[in-house]
Amino acid sequence: MTTQVTDHKGGVWSIAVPIPDNPLGHTLVHLLETDRGPVLIDTGWDDPDSWDTLVAGVTACGFGLTDLHGVLITHHHPDHHGLSAKVREASGAWIAMHAADTAVVRRTREAEPGQWLDYLLTKLAAAGAPDDHLAPLRKARATGGGRKLPGRRAALPDRGIDPGALLDLPGRRVRAIWTPGHTPGHVCLHLEEEHPSARTPGFGRLFSGDHLLPGITPHIGLYEAPDDGLGAHDGAHEGESLREGTDPLGDYLDSLERVGRLSPAEVLPAHQHAFTDAGGRVRALIAHHEERLARLRALLQEPRTVWQLAETMEWNRPWEQIPYGSRNIAVSEAEAHLRRLVKLGHAEGVPGSDPVTYRAVG
Ligand SMILES: [Zn+2]
Ligand SMILES: [Zn+2]
């Protein structure tokens, strides 16, 4: 175990906590010193090696685990919130999270083991997934199998993170910026203090979680949770799953603009590395999604199901080479883009089609 700790100066450190068997490699857990003891921003994946790295990292920053005052969670994903329960247990620190993500944590904890499989089956069938894709899920459901959800034992937070509010952190000035998109309750935290090196233009530093990363486009799906959409197939007609509800990609693009307007001098993301020029990165990400939406609209000159759309969209490799589980993620990404087009009035469901096919409008 090697501990990679970076001193970002001004009472801010990052600890690279490994994510086992994941190409992302690490979660950058940030430690922020306050007058009442250090506060962690995210905690890392729940794994013994990750835990040891986190503990060693806190020590390397010059603190003990019992000094910890609180834990601020950018969003509920297990590479960010996984170790929170352990940290709270070992230190007595409170855990804070935006209410929309706390709701996801609560629903995941309460979900029956088979519920996620039921949800996936319903959703994929409605998307037009072929039988050979559904068969393994049906088999797992019938035999009572299926993987355990990583969030089943995730910690319920002790307090909320209110959008736009200054956090109660003695001696520090940190404002919560609600940035839904990657998850419904994702927050960025703006450290409204002069950058310690003050060489870069902009103001303060932004803990950006997964919202703004230097070299990765975060996954935008449909805010899925295991108890969503159950029974939605009964009596579902054209556009049922898309007619109501959320527009995560729209949320994400709005959140990006909001963060761009903050013009932080430096961004401290939860993966990869710290970077400057937040505005440039924001513009690149918005352009990426606009381009994707335009291409999708062109593909819908011919009516397609969500599955067929996902098959023909451009991914980081040909569809045939995308592994089984990643295809499910690709389908939800396609759905999020499709929903945006439907919201904008650029696409619609074809009446009477089952599974629903979509076509471009105008
Ligand atoms: Zn995430
Ligand atoms: Zn992440």
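The values are calculated or read from the model by the stated rules, or taken from the named source; none is laboratory data. A quick note: this is a predicted structure, and the numbers were derived from the prediction, not measured. Using ideal geometry, Cβ is built from the backbone for each residue, glycine included, and neighbour counts are taken over all protein chains shown.
If I filter segment 159-175 for residues that are within 16 Å of ligand 1 (Cβ to nearest atom), of a type in the set (Asp, Glu) and under 30 Å from GLU193 (Cα atoms), do I get at least one hit?
no
How many residues does segment 1-50 contain that are of a type in the set (A, V, I, L, M), within 14 Å of ligand 2 (Cβ to nearest atom) and either in a strand (DSSP E or B) or over 17 Å from ALA270 (Cβ atoms) (or both)?
5
For the condition closer than 30 Å to PRO303 by Cα and surrounded by fewer than 16 Cβ atoms within 10 Å (Cβ to Cβ), what is the one hit in LEU117, LEU134?
LEU134 is the lone residue from the list that is closer than 30 Å to PRO303 by Cα and surrounded by fewer than 16 Cβ atoms within 10 Å (Cβ to Cβ).
Taking the residues in segment 180-204 that are within 16 Å of ligand 1 (Cβ to nearest atom) and closer than 17 Å to ALA274 by Cα as candidates, determine which candidate is surrounded by the fewest Cβ atoms within 10 Å (Cβ to Cβ).
Per the criteria, the residue is LEU189.
Give the residue, chosen from ARG109, ARG141, that is outside any loop (DSSP other than H, G, I, E, B), out of contact with any helix residue (DSSP H, G or I) (no Cβ under 6 Å at 6 or more places or on another chain) and either surrounded by fewer than 20 Cβ atoms within 10 Å (Cβ to Cβ) or in contact (Cβ under 8 Å) with a residue 12 or more places away in the chain (or both).
Only one candidate passes the filter, namely ARG109.
Among what's in segment 87-99 and is surrounded by fewer than 19 Cβ atoms within 10 Å (Cβ to Cβ) and of a type outside the set (Asp, Glu), pick the residue that is nearest to ligand 2 (Cβ to nearest atom).
It comes out as ALA99.
Rundown of residues vs (1) closer than 19 Å to ARG152 by Cβ; (2) more than 25 Å from the chain's Cα centre (by Cα); (3) β-branched (Val, Ile, Thr), yes/no style:
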position: GLN4; (1), (2), (3): no, no, no
position: THR34; (1), (2), (3): no, yes, yes
position: PHE63; (1), (2), (3): no, yes, no
position: ASP79; (1), (2), (3): yes, no, no
position: LEU83; (1), (2), (3): yes, no, no
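Could you check, for segment 120-129, whether at least one of its residues is within 30 Å of LEU167 (Cβ to Cβ), in a loop (DSSP other than H, G, I, E, B) and modelled with pLDDT of 95 or more?
no
Does segment 106-119 hold any residues that are charged (D, E, K, R) and either in contact with a Gly (Cβ under 6 Å, 6 or more places away or on another chain) or at pLDDT 90 or above (or both), and which are they?
The answer is ARG106, and nothing else.
Being in a helix (DSSP H, G or I) and touching a Gly at 6+ places or on another chain (Cβ under 9 Å) narrows it down to one residue among THR53, THR74; which is it?
Of THR53, THR74, the one residue that is in a helix (DSSP H, G or I) and touching a Gly at 6+ places or on another chain (Cβ under 9 Å) is THR53.
Give me the pairs: first residue in segment 190-202 and in contact (Cβ under 8 Å) with a residue 24 or more places away in the chain, second residue in a loop (DSSP other than H, G, I, E, B) and hydroxyl-bearing (Ser, Thr, Tyr), beta-carbon distance under 8 Å, and six or more apart or on different chains, which are they?
If the second residue must be in a loop (DSSP other than H, G, I, E, B) and hydroxyl-bearing (Ser, Thr, Tyr), the pairs left are THR200/THR276; PRO201/SER263; GLY202/SER263; GLY202/THR276.
Could you check segment 188-243 and list, in sequence order, the residues that are touching a Lys or Arg at 6+ places or on another chain (Cβ under 7 Å) and modelled with pLDDT of 95 or more?
HIS190, LEU191, GLU192, GLU193, LEU212, PRO214
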